[in-house]
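Here's the structure we're looking at; comments come further down.
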Amino acid sequence: MKNVSIYSTPTCHFCQAAKEFFKEHNIEFTNHDVSTDAAKRDEMIQKSGQMGVPVIFVDDEMIVGFDEAKLKSLLGVV
Amino acid sequence: MQYDLVIIGSGAAGLGAALYSGRYRLRTLVLGKEFGGETAKAGTIENYPGTPAIDGYELMSVMKKQAGALGVEFVSAEATRVSRQAHCFEVHASDAAYQAHAIILATGAERRRLGLPNEKELTGRGVHYCVTCDGPVYGGKKIAMVGGGDASVKGAILAAEYVDKLFLIVRGKDVTAEPINLEKMKALGDKIEVLLGTEVAEIVGKDKLEKVVLSRPFKGSHELVVDGLFVEIGAMPNVELATVLGVGLDERGHIKVDNMMRTNIDGVFAAGDAVNHFGAFKQDITAAAMGAVAATSAYNDRKVHGELCEMHAVPALNKILSV
């Protein structure tokens with residue numbers, strides 16, 4: 001099983017859409033709320049070089065934004 | 001794939017149209033690049049009748065569910081090409097093509113940029129266009145918001161929950177938000193400082209935003225050091241597909257419609273932020289209403305023109321496409 005994590009904010013609709021996508025396809029994921037977790041916010045900025053959310057990791061592959069087609073491909077979702 | 005109606009756009013206008021189209025029992029497809037359009041990014045919506053306060057994304061999700069229960073289909077993809085053959089349309093999105101008797105252009109609007117050097121390079125690196133998305137990333141930081149309209153003030157109120165300090169940079173002499181939102185902003189006190197008659201002249205930074213240069217001095221300096229810059233200066237209508245179809249535009253580049261949301265092209269209807277109806281008043285209630293009217297016109301059009309598309313246009317279109 002692939003390790004999926006998302007850096008998000010509570011008010012971001014693309015983040016919500018991504019999380020709904022994971023739930024719909026029964027994909028377990030770890031959520032990092034960067035509005036309250038400053039260490040994870042800095043980690044996200046360091047890893048992605050930018051401050052926009054969501055930032056999603058599927059194992060070591062990073063996706064900035066909610067790219068449904070790419071997520072489907074990486075996660076083998078039809 | 002053959003439909004009575006393809007709705008291009010899945011914001012308030014597109015979903016309002018989808019609800020009515022579903023109730024008219026039209027075979028309906030909604031194609032959307034970004035689900036929920038501007039509403040999904042708007043934060044809390046407090047002026048949609050029947051819902052005292054609801055998150056914009058949630059409101060759009062409820063509308064989608066309501067239309068989906070009526071048999072309306074949804075595809076999350078950008079309509080990239082559209083063509084017309086007699087009274088029949090073909091819309092391309094991703095690798096698929098969809099035929100329809102009529103289409104509704106609910107293509108919305110694209111956020112306006114400042115048009116400054118460095119803006120593109122620093123987008124996501126301090127320069128942002130979606131405060132509900134990225135505002136909370138700036139917890140404890142100092143940011144600036146550009147724009148003096150309602151969206152800007154609502155964005156400032158939301159961001160103020162997280163940031164340490166916010167400068168609202170307004171080109172005009174006044175902030176023109178809804179009075180209720182102005183009251184909310186004023187209640188936040190010194191946290192939000194309004195700079196009237198001021199523009200951002202330069203965006204400064206290499207790998208990330210360092211500061212902005214203002215058109216007039218603020219507290220003795222043209223330079224304003226901020227961690228983030230949010231741009232909320234309105235939007236430009238998305239009319240690329242309309243133009244391809246020969247749909248008429250007004251002098252401000254919006255799709256021209258009559259009071260039944262008909263364009264100058266038979267079978268093409270339009271609704272929402274891309275059209276000239278209701279002038280500059282862009283609200284969920286007006287967008288959804290325009291969608292409902294557009295769907296009604298599409299339904300009436302279907303009654304008049306019957307099966308013309310299936311009988312004549314599709315074989316001809318297929319023939320052309322197979323060449």
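The values are calculated or read from the model by the stated rules, or taken from the named source; none is laboratory data. Because the structure is a prediction, the values reported are computed rather than measured. Because the Cβ atoms are built from the backbone with ideal geometry, glycine has one as well, and the counts that use them run over all protein chains shown.
Any chance region B:88-97 includes a residue that's farther than 21 Å from A:T11 by Cα, charged (D, E, K, R), over 15 Å from the mean Cα position of the chain (by Cα) and assigned by TED's automatic domain parsing to the domain that holds B:A280? For region B:88-97, residues farther than 21 Å from A:T11 by Cα, charged (D, E, K, R), over 15 Å from the mean Cα position of the chain (by Cα) and assigned by TED's automatic domain parsing to the domain that holds B:A280: present. Summed over region B:161-184, the residues that are more than 24 Å from the chain's Cα centre (by Cα) and among the hydrophobic types (A, V, I, L, M, F, W, C) give a count of 3.
Could we say that B:A69 is within 14 Å of another protein chain (Cβ to nearest Cβ) and among the small types (G, A, S) here? Here the answer is no, as B:A69 does not meet what is asked.
Can you spot a residue in region A:45-56 that is within 9 Å of chain B (Cβ to nearest Cβ) and exposed (fewer than 15 other Cβ atoms within 10 Å of the Cβ)? For region A:45-56, residues within 9 Å of chain B (Cβ to nearest Cβ) and exposed (fewer than 15 other Cβ atoms within 10 Å of the Cβ): present.
Note on region A:12-39: residues that are within 14 Å of the chain's Cα centre (by Cα), surrounded by fewer than 13 Cβ atoms within 10 Å (Cβ to Cβ) and closer than 18 Å to A:G76 by Cα amount to 2. Within region B:121-134, residues that are small (G, A, S) reach partners that are surrounded by fewer than 19 Cβ atoms within 10 Å (Cβ to Cβ) with beta carbons closer than 7 Å, at six or more positions or on different chains, in the pairs B:G126/B:G205; B:G126/B:K208. Of the strands (runs of 3 or more DSSP E) lying entirely inside region B:123-200, not one contains at least 2 residues that are at pLDDT below 95 and buried (at least 19 other Cβ atoms within 10 Å of the Cβ). When B:A77, B:A100 are checked against the criterion of being within 14 Å of chain A (Cβ to nearest Cβ) and either within 14 Å of B:V6 (Cβ to Cβ) or not hydroxyl-bearing (S, T, Y) (or both), a single residue qualifies: B:A77. Candidates in region B:263-291 are the residues that are aliphatic (A, V, I, L, M) and surrounded by fewer than 20 Cβ atoms within 10 Å (Cβ to Cβ); of these, the one that is farthest from B:Y24 (Cα to Cα) is B:A280. Of the residues making up region B:64-90, those that are closer than 20 Å to B:M290 by Cβ and in a strand (DSSP E or B) are B:F74, B:A79, B:V82, B:F89.
A quick yes/no check of all residues on (1) among the hydrophobic types (A, V, I, L, M, F, W, C); (2) within 14 Å of chain A (Cβ to nearest Cβ); (3) free of Cβ contacts under 8 Å to residues at least 12 places away in the same chain; (4) surrounded by 24 or more Cβ atoms within 10 Å (Cβ to Cβ):
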| residue | (1), (2), (3), (4) |
| --- | --- |
| B:A18 | yes, no, no, yes |
| B:E34 | no, yes, no, no |
| B:T51 | no, no, yes, no |
| B:M60 | yes, yes, no, yes |
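Residues in region B:116-132 that are over 23 Å from B:V175 (Cα atoms) and of a type outside the set (G, A, S): 8 in all. Screening B:R302 against (1) over 30 Å from B:L166 (Cα atoms); (2) assigned to a loop (DSSP other than H, G, I, E, B); (3) of a type outside the set (G, A, S) leaves a single unmet condition, (2).
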